1. Taking θ = phi - 60°, what integer Hz values does the Karplus form 6.51 cos²θ - 1.76 cosθ + 1.60 yield along the range 16-28, in sequence order, with x for Gly and Pro?
2. Give the aspartates and glutamates whose C-alpha is closer than 14 Å to that of Lys76, dropping any in the same chain fewer than 8 places away, or say none.
3. Suppose each label sits 7 Å from its Cα in the direction of the beta carbon; what would the Glu78-Ser267 distance come out to in nanometres?
4. Longer than 18 Å from Cα to Cα, which of Lys273/Lys300; Lys18/Lys225; Lys273/Lys344; Lys18/Lys230 are they? Say none if no pair is.
5. When ranked by the protection proxy of mean other Cβ atoms within 10 Å per residue, highest first, what sequence do the peptides 201-210, 364-373 form?
6. Rank Ala363, Ala166, Ala271 by mean-square fluctuation in a GNM of the chain with C-alpha springs under 10 angstrom and give only the top-ranked residue.
7. Please identify, among Val330, Val16, Val56, the residue showing maximal mean-square fluctuation in a Gaussian network model of the chain using a 10 angstrom Cα cutoff.
8. Would you mind telling me which residue in Ala28, Ala342, Ala331 has the biggest mean-square fluctuation in a Gaussian network model of the chain, where springs connect alpha carbons within a distance under 10 angstrom?
Amino acid sequence: MTIGAAEALAGAKRIVVKIGSALLVDRATGLKREWLESLVSDVANLAEDGREVLIVSSGAIALGRSVLKLPGGLLKLEESQAAAAVGQIALAKAYADCLGPHGLEAGQILLTLGDTEERRRYLNARATIGTLLQFGSVPVINENDTVATAEIRYGDNDRLAARVAAMMSADMLVLLSDVDGLYTAPPARDPDARHIPFVERVTPEIEAMAGAAASEYSRGGMRTKIDAAKIATHAGTAMIIAQGGRLSPLGAVRNGAPATLFQPTASPVMARKRWIAGHLNAAGRLVVDAGAVRALRSGKSLLPAGVRKIEGEFARGDTILVLDAQGLEVARGLVSYDAGDARKIMGLRSSAIEAALGYGPRAAMIHRDDLVVAHHFAQSDEAA
């Protein structure tokens, strides 16, 4: 049975919301304060319902050029980066000021392409954003335009938002746009264009419907949103394209306003575990005791106390095989420690780890979200 965008949003627990520059900043007047306050009210309502919300916000360069009163047209690279430096401060303050009255704290995260492409930086970014969510804060994420250049850019915040949604195992990505979803053709040019409320899978036919950017502030158009849909849905995240120009745009979607829902290929957890299970080359091995085997098969994380032997040289985030005392594979997963630190803490209880390492321990040797138990491998392949 096909569900609509309203139902999908209602069922989402971790939601990434992407906001474009044109929605947030007016060339003549600067920040659209009333609109931002209405959006933040929507976010607060979701938070009150127990949802985790991350915001991927464009607007630093647009707001900075407004503050600096830079002329219209294309900016030189150094002018864009200077505008971003001013705009990032103004944007962060605006979010903090609007979230504060709702009892919510804003946490600014500035990412570059390497932060979601390189393993260690990816893990650090994921851990920081995850901790902010645990504290009940609202992460406000943007590309670090003060240092990013053409060759190290995401290219647009639609794809950045999709990468963030995949990285954080979000179950919903909402792209607020200047249109209320995908049409069979660009509606501004074709009066017969039909709105498409549901996309089961991104096919070449769906890609062919994408148009180009409509605003000078936009780096992408519908094409980048389709690219974002491919990234998100493959990672198990549903995606909605919705009209963002109205006040309270998320509330409008929840109340049934027209939008386009892209269906994910699997749940975020299943997509992540399928990816882990598909890693054929492991960087090392952990031999564990019978108690750890029982814990893993009951769905728990692998703790250092259950590790009896470590083989190989590996880095945090590498794929590791977990073996029982007979050498049979019990599980595989992404290890939380470098090999050297893992050897220091194997066999230790959690209370003794900080003294052994000299810093506060992570939750587990391999967290259950990053671990696939062996009897799940065939099931994961069938789901693919």
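None of the figures in this text is laboratory data; all of them are computed from the coordinates on show. Keep in mind that this is a model prediction, so the values were computed, not measured. Cβ sites come from the backbone with ideal geometry, for glycine too, and all protein chains shown count toward neighbours.
1. Each residue of the range 16-28 in turn: 9, 10, 9, 10, x, 4, 5, 6, 9, 10, 9, 4, 7 Hz.
2. Of all the aspartates and glutamates, those that pass the test against Lys76 - Cα under 14 Å, at least 8 places apart if same chain - are Asp145.
3. So the two model labels end up 5.3 nm from each other.
4. Lys273/Lys344
5. 364-373, 201-210
6. Highest fluctuation of the listed residues: Ala363.
7. Evaluated over the chain, the most mobile residue of the options is Val330.
8. Looking only at Ala28, Ala342, Ala331, the largest GNM fluctuation is found for Ala28.
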